[in-house]
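These notes concern the structure reproduced below.
The values are calculated or read from the model by the stated rules, or taken from the named source; none is laboratory data. A quick note: this is a predicted structure, and the numbers were derived from the prediction, not measured. Positions of Cβ are generated from backbone atoms using ideal geometry, with glycine treated the same way; all protein chains shown enter the neighbour counts. The accessibility values were calculated without ligands, DNA or RNA, using every heavy atom of the protein model including side chains. Shrake-Rupley method; radii C 1.70, N 1.55, O 1.52, S 1.80 Å.
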Amino acid sequence: MSLLTEFREFAARGNVVDLAVGVIIGASFGKIVTSLVDQVIMPPIGLLLGKVDFAHLEWVLKPADAAAGVEKVAIQYGAFINTLIQFLIVAFVVFLLVKGINKMRREQAPEAAAPTPTEALLAEIRDELKARP
């Protein structure tokens, strides 16, 4: 079997296609969340905190020196805050998605049938026989 044939069989499996669709949708969802955080959530929060732009908040460890050609070294904690908020939003949405899927599975799962009177009687007889010395 050639390598190309094996790859074609692998790629044609349903799980691989589902995974590819999930990755594409996930990437698009990530862009939506980034836009939501950067352009919708953070501007009002920054305004409430005194016109602060979180994307540009940083702690400069070493300032830039144009004469020496040295760029500044900084910890950009504002960008980290934005990323943290994005993560929390994505994690919450994934939590809701998994919660919904689990609820649907519980509703669709067949409940164990109660034993018939004959089965209950046979179980009692079995238990009595086991209890005898």
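Here is a yes/no grid of residues against (1) part of a loop (DSSP other than H, G, I, E, B); (2) closer than 30 Å to residue 55 by Cα; (3) touching a strand residue (DSSP E or B) at 6+ places or on another chain (Cβ under 8 Å):
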| residue | (1), (2), (3) |
| --- | --- |
| 80 | no, yes, no |
| 84 | no, yes, no |
| 89 | no, yes, no |
| 101 | no, no, no |
| 105 | no, no, no |
| 111 | yes, no, no |
| 127 | no, no, no |
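Restricted to region 1-14, and to residues there that are surrounded by fewer than 10 Cβ atoms within 10 Å (Cβ to Cβ) and either modelled with pLDDT under 75 or under 27 Å from residue 82 (Cα atoms) (or both), the residue that is nearest to the chain's Cα centre (by Cα) is 14. Within region 15-62, if we keep just the residues that are part of a loop (DSSP other than H, G, I, E, B) and open to solvent by less than 90 Å² (accessible area, probe 1.4 Å), the residue that is farthest from residue 90 (Cα to Cα) turns out to be 50. When residue 53 is tested against the conditions (1) at pLDDT below 80; (2) over 16 Å from residue 83 (Cα atoms); (3) out of contact with any Asp or Glu (no Cβ under 9 Å at 6 or more places or on another chain), the lone failure is (2).
Say whether the condition of being surrounded by 10 or more Cβ atoms within 10 Å (Cβ to Cβ) and of a type in the set (Ser, Thr, Tyr) is met by at least one residue in region 67-77. I'd like the intermediate steps shown before the answer.
Step one: filter region 67-77 for residues surrounded by 10 or more Cβ atoms within 10 Å (Cβ to Cβ), giving 70-77.
Applying the additional criterion that residues be of a type in the set (Ser, Thr, Tyr) yields 77.
Checked region 67-77: at least one residue is surrounded by 10 or more Cβ atoms within 10 Å (Cβ to Cβ) and of a type in the set (Ser, Thr, Tyr).
Note on region 86-133: among residues that are under 46 Å from the mean Cα position of the chain (by Cα) and among the polar types (S, T, N, Q), the one that is most open to solvent (accessible area, probe 1.4 Å) is 108.
Here is a yes/no grid of residues against (1) of a type in the set (Gly, Ala, Ser); (2) within 21 Å of residue 32 (Cβ to Cβ):
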{"position": "55", "(1), (2)": "yes, yes"}
{"position": "64", "(1), (2)": "yes, no"}
{"position": "86", "(1), (2)": "no, yes"}
{"position": "92", "(1), (2)": "no, yes"}
{"position": "101", "(1), (2)": "no, yes"}
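The single condition among (1) over 20 Å from residue 30 (Cβ atoms); (2) in contact with an Asp or Glu (Cβ under 8 Å, 6 or more places away or on another chain); (3) modelled with pLDDT of 85 or more that residue 64 does not satisfy is (3).
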